[in-house]
Amino acid sequence: MTNIDKSGTFILGDRTVKRLGYGAMQLAGPGVFGPPKDHDAALAVLRAAVASGVKHIDTSDFYGPHVTNRLIHEALAPYPDDLVIVTKIGARRGADASWIPAFSAEELTQAVHDNLRNLGLDALEVVNLRIMFGVHGPAEGSIEAPLTVLAELQRQGLVRHIGLSNVTPTQIAEGRRIAKIVCVQNQYNLAHRADDALIDDLARDGIAYVPFFPLGGFNPLQSSSLSHVAQRLGATPMQVALAWLLRRAPNILLIPGTSSIGHLRENLAAVELDLPDEAIAALDGVSASTV
């Protein structure tokens, strides 16, 4: 079994987690909508992740909707004391599987209660407020109103820690004036590096950075440099991409998702991969224009 202790640890909220975790989004049906094709296989992946040492699972009640949280509860409850489940709010799903912003006080409050109910928890360890001002990524705009609602839910004891997702540095600064922010979840990977400076700033402040789509998401990473490095190291390109992220900064927490136990094991094995300096140099040269 892969020893993911080699990934190192970082503080998320007030909990210590291993830096390589698991993202549950892919357990829902196609388009992250509806039930999984194989219910028992989804449960098996979750159980295998925890059995392999994963301490950090990322989810949301708008995955499905309600699907992944119910799977997590069925597969893992009663939860291990050292398991940290992180969820997010700020969106809802349309009947056509569309993603719809949900920032009103009523919608945000309902989302927290939906997550609590479907996960079977009395309080949520970390809740990320997902900002949806832009279609293709972060866009400027004040987050004061929705974050104030989430901060009030935290004061009520329903939420222990708060994070932000799909945000700009300006919004993070605004958010930190309203509440303590323990993590930021933005798109970042080998080819998509808009947050390079932000990652380093957050690392200095002890704030976790959790890249979504660490392997490219709906458009998997493809690069000749990545493929050549993987071939030389006897690894898969995706393992190399994850190993590069672990090397990139100590505050990066990874949540690669999969609905396959085989792919789960491949992802977790990335912690065993030592990247020599020449491999790092080649990978550092990858950019969006080369993939």
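Odds and ends about this structure:
- Test result for VAL149, in contact with a helix residue (DSSP H, G or I) (Cβ under 8 Å, 6 or more places away or on another chain) and of a type in the set (Val, Ile, Thr): yes
- Positions within segment 1-31 being open to solvent by less than 60 Å² (accessible area, probe 1.4 Å), out of contact with any strand residue (DSSP E or B) (no Cβ under 7 Å at 6 or more places or on another chain) and closer than 25 Å to VAL67 by Cβ, in sequence order: LEU27, GLY29, GLY31
- Pair list, Cβ under 6 Å, 6 or more apart: segment 8-29 residue at negative phi, other residue among the basic types (Lys, Arg) and open to solvent by less than 30 Å² (accessible area, probe 1.4 Å): PHE10/ARG19
- Looking across segment 48-87, the residues that are out of contact with any helix residue (DSSP H, G or I) (no Cβ under 8 Å at 6 or more places or on another chain) and either open to solvent by less than 10 Å² (accessible area, probe 1.4 Å) or among the hydroxyl-bearing types (Ser, Thr, Tyr) (or both) come down to HIS56, TYR79, VAL84, VAL86.
- Cross-chain or 6+ apart pairs with Cβ under 6 Å, segment 245-274 first and under 19 Å from HIS39 (Cα atoms) and open to solvent by less than 10 Å² (accessible area, probe 1.4 Å), then among the polar types (S, T, N, Q) and assigned to a loop (DSSP other than H, G, I, E, B): LEU264/THR258
- Helices (runs of 4 or more DSSP H) wholly inside segment 145-243 that include at least 1 residues being open to solvent by 10 Å² or more (accessible area, probe 1.4 Å) and in contact (Cβ under 8 Å) with a residue 60 or more places away in the chain: 224-233
- The set of residues from segment 275-291 being open to solvent by 50 Å² or more (accessible area, probe 1.4 Å) and out of contact with any Ser or Thr (no Cβ under 7 Å at 6 or more places or on another chain) comprises ASP277, GLU278, ALA281, ASP284, ALA288, SER289.
Here's the yes/no breakdown for (1) over 21 Å from ASN186 (Cα atoms); (2) in a helix (DSSP H, G or I); (3) of a type in the set (Ser, Thr, Tyr):
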{"residue": "LYS37", "(1), (2), (3)": "yes, no, no"}
{"residue": "ASP40", "(1), (2), (3)": "yes, yes, no"}
{"residue": "LEU43", "(1), (2), (3)": "yes, yes, no"}
{"residue": "ALA48", "(1), (2), (3)": "yes, yes, no"}
{"residue": "GLY53", "(1), (2), (3)": "yes, no, no"}
{"residue": "SER60", "(1), (2), (3)": "no, no, yes"}
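- Of LEU283, LEU221, LEU254, all but one fail to be modelled with pLDDT under 95, closer than 30 Å to ARG47 by Cβ and of a type in the set (A, V, I, L, M, F, W, C); the exception is LEU221.
- Candidate set from segment 135-144 (those that are in contact (Cβ under 8 Å) with a residue 12 or more places away in the chain, surrounded by fewer than 22 Cβ atoms within 10 Å (Cβ to Cβ) and of a type outside the set (A, V, I, L, M)); member that is nearest to ILE252 (Cα to Cα): GLY137
The values are calculated or read from the model by the stated rules, or taken from the named source; none is laboratory data. What you see is a predicted model; the values in this text were computed from it and never measured. Methodologically, a virtual Cβ is constructed for each residue, glycine included, from the backbone with ideal geometry; neighbour enumeration extends over all protein chains shown. With ligands, DNA and RNA removed, areas are computed over all heavy atoms of the protein, side chains included. Shrake-Rupley method; radii C 1.70, N 1.55, O 1.52, S 1.80 Å.
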